[in-house]
Amino acid sequence: MRVSRVVSAPNWRYAVGEVFLIVVGVSIALAASSWYEGRQQRRDEVLVLQQLHRTLSEDLLEINMTWEMTRQREQNLMALVNHLESDSPYEPELGVKFQSLLGWRVVTIKTAPFEALKAQSYKMISNAKLREKLISFYEDHHARLVYNLNLDRDFAIQKVQPYFFKNFVLRFGELTDVDRGAQIWDPIDYEKIRAESYIANLCRFRADLLRRFALQDYGDTATLVHEILEEIEKELADAS
């Protein structure tokens, strides 16, 4: 006796449907994972931007203050040159201006947030324009400020201090509340140092260094930091 066997045809529509549902499910899962990861990266970026904004705001105040003090020093030095090259007698107020020749200003830029960013990845900052400006400030402009500081300090130590310790006497400010307690250097023999022209030449040379390098670099750096802060503020506003 023959037994007939009935074989049902495979249900291709059902199989395709199953595959489609799997693909859709995987795609949704990947999209959700990508969305969550992107959102988390944006949160991390916002935290970095907030920290950079705080430290850069403080840095900008420091840079602007240093620019103002450097400009005042340059003006004091040129005032000294004019007085030394005139027939005017020595005035006690000149002791404050002589201090401008001897001292230097230290600028402290907080680099820790940028170093942390660099350790993770520059690409954490999604705005390419902002990223480039940050790199320019911390790796280029900051190096120029350090160079100016070293140049200014070395000039004072090597060229000015040896002469001052031989020909000047130190006292502390008592003229006004502004200079009270400040270091003031009075010449032991004013007519002698004026006749030698050494101090006048030092003043002129150092004022030129401050004008051509320090003031220019501080001004350019302050402008760049201001632009960076504006860019960060836009990014934070978009993220809120």
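The values are calculated or read from the model by the stated rules, or taken from the named source; none is laboratory data. Keep in mind the model is a prediction, meaning the values are calculated, not measured. Backbone-built Cβ (ideal geometry, glycine too); neighbour counts: all protein chains shown.
Points worth noting:
- Residue-level analysis places L117 outside the set of residues that are crowded, with 16+ Cβ neighbours inside 10 Å, out of contact with any Gly (no Cβ under 9 Å at 6 or more places or on another chain) and over 27 Å from R54 (Cα atoms).
- Residues in segment 38-66 that are surrounded by 20 or more Cβ atoms within 10 Å (Cβ to Cβ) and of a type outside the set (D, E, K, R) were compared, and the one that is farthest from the chain's Cα centre (by Cα) is L49.
- Qualifying residue in segment 196-216 (condition: crowded, with 19+ Cβ neighbours inside 10 Å, among the aromatic types (F, W, Y) and under 26 Å from the mean Cα position of the chain (by Cα)): no
- E91 meets all of the listed conditions (1) over 23 Å from the mean Cα position of the chain (by Cα); (2) closer than 30 Å to K159 by Cα; (3) part of a helix (DSSP H, G or I); (4) not β-branched (V, I, T) but one, namely (3).
- Residue count, segment 153-208 (criterion: of a type in the set (V, I, T), assigned to a loop (DSSP other than H, G, I, E, B) and either modelled with pLDDT of 90 or more or touching a helix residue (DSSP H, G or I) at 6+ places or on another chain (Cβ under 7 Å) (or both)): 1
- Residue in segment 142-153 that is surrounded by 15 or more Cβ atoms within 10 Å (Cβ to Cβ), hydroxyl-bearing (S, T, Y), under 24 Å from R71 (Cα atoms) and under 18 Å from the mean Cα position of the chain (by Cα) present: no
- Pairs, first closer than 20 Å to L49 by Cβ and in contact (Cβ under 8 Å) with a residue 40 or more places away in the chain in segment 216-228, second part of a helix (DSSP H, G or I) and among the acidic types (D, E), C-beta under 7 Å, six or more apart: V225/D59
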